[in-house]
């Protein structure tokens, strides 16, 4: 304090002492292999370290603050894209469906090759900026204090519509194609032909024999799609300025906050791998044929 008061700033010697103290604190003065061993040891203890840019906040603190926003966005988009895509794909393959209804899936198939970030820019410009139908970004209105009121919930939902649409429009097409392929395969199965010969109604056959059996392999595809959707969601969060994990990761990349980058990537990798294992374990419970065998 006396140095600051006397000189109005740090001297070169003071800066060298500060750098040396930080190197000692974070172990940067140790050999490279020792630094790596210390990092692996800390990760094994679920200690991801502290943020260099927002010290003394830990990496876990930053993830915990941002994770609810990311979970809300990804769960919503995953469920909606899975339901919409599989229904449209099943209808597209169902021979009794009207032609106009089967063609509804075509635009979604065309959009599947467009990256979600480009869809986000398009929606942001035309719906948010030009038409002013929805907010341009952020999680809620500027100046709004977060609370548990219904009005705040509606405000958050309005701000989440464009990011959710960016992800849904880019992922529905993949579900449509895979479900259509499963539907075409199932049409020739004996149980479907048996149901038709029994004289069951078209809706009953579609719901109980066709759709339910075609959905089973899609559950496995859901686990595989989670990885791509997670990383797409992180990019879309940064585009719309949502306070989720994607924005934290983007800020860490711009400020070279390496511990935060490592921590978030490791957390996402472990989370996606865990979800894939859980889905694979649940699959025998959903398919009696595998459970019995």
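Among the listed residues 86, 53, identify the single one that is modelled with pLDDT under 90, touching a helix residue (DSSP H, G or I) at 6+ places or on another chain (Cβ under 9 Å), assigned by TED's automatic domain parsing to the domain that holds residue 174 and surrounded by 12 or more Cβ atoms within 10 Å (Cβ to Cβ).
None of the others qualify; the one that does is 86.
I'd like to know if segment 235-255 contains one or more residues that are at pLDDT below 80 and either assigned to a helix (DSSP H, G or I) or touching a strand residue (DSSP E or B) at 6+ places or on another chain (Cβ under 6 Å) (or both).
No, because not a single residue in segment 235-255 is at pLDDT below 80 and either assigned to a helix (DSSP H, G or I) or touching a strand residue (DSSP E or B) at 6+ places or on another chain (Cβ under 6 Å) (or both).
Does residue 207 satisfy the condition of being out of contact with any strand residue (DSSP E or B) (no Cβ under 9 Å at 6 or more places or on another chain), more than 30 Å from residue 63 (Cα to Cα) and surrounded by 14 or more Cβ atoms within 10 Å (Cβ to Cβ)?
The answer is no for residue 207.
Quickly run through segment 167-204 and pick out the residues that are crowded, with 19+ Cβ neighbours inside 10 Å and under 15 Å from residue 107 (Cβ atoms).
168, 169, 170, 171, 172, 173, 174, 175, 176, 180 - these are the residues of segment 167-204 that are crowded, with 19+ Cβ neighbours inside 10 Å and under 15 Å from residue 107 (Cβ atoms).
Is it the case that some residue within segment 68-76 is out of contact with any helix residue (DSSP H, G or I) (no Cβ under 7 Å at 6 or more places or on another chain), over 30 Å from residue 153 (Cα atoms) and surrounded by fewer than 19 Cβ atoms within 10 Å (Cβ to Cβ)?
No, there is no match, as no residue in segment 68-76 is out of contact with any helix residue (DSSP H, G or I) (no Cβ under 7 Å at 6 or more places or on another chain), over 30 Å from residue 153 (Cα atoms) and surrounded by fewer than 19 Cβ atoms within 10 Å (Cβ to Cβ).
Name the residue, out of 110, 101, that is in the same structural domain as residue 270 (by TED's automatic domain parsing) and at pLDDT 80 or above.
110 is the lone residue from the list that is in the same structural domain as residue 270 (by TED's automatic domain parsing) and at pLDDT 80 or above.
Any residue in segment 39-56 that is closer than 17 Å to residue 249 by Cβ sitting within a Cβ distance under 6 Å of a residue that is part of a loop (DSSP other than H, G, I, E, B)? List the pairs, counting only those 6 or more apart or interchain.
50/56; 51/57; 51/257; 52/257; 53/255; 53/257
Residues of segment 140-169 being in contact with a helix residue (DSSP H, G or I) (Cβ under 6 Å, 6 or more places away or on another chain) and either touching a residue at least 60 places away in the same chain (Cβ under 8 Å) or not assigned by TED's automatic domain parsing to the domain that holds residue 226 (or both), which ones?
Scanning segment 140-169 gives 162, 163, 164, 166, 167, 168, 169.
Can you go through 216, 285, 266, 200 and tell me which one is farther than 27 Å from residue 121 by Cβ, over 14 Å from the mean Cα position of the chain (by Cα), without any contact (Cβ under 8 Å) to a residue 24 or more places away in the chain and in a helix (DSSP H, G or I)?
Every option except 285 fails the conditions.
Just one of the numbered conditions (1) surrounded by 16 or more Cβ atoms within 10 Å (Cβ to Cβ); (2) more than 17 Å from residue 82 (Cβ to Cβ) is not true of residue 105; which one?
The single condition residue 105 does not satisfy is (2).
The values are calculated or read from the model by the stated rules, or taken from the named source; none is laboratory data. Everything quoted here is computed from the prediction, not taken from an experiment. Don't worry about glycine lacking a Cβ; one is built from the backbone with ideal geometry, like all the others, and counts go over all protein chains shown.
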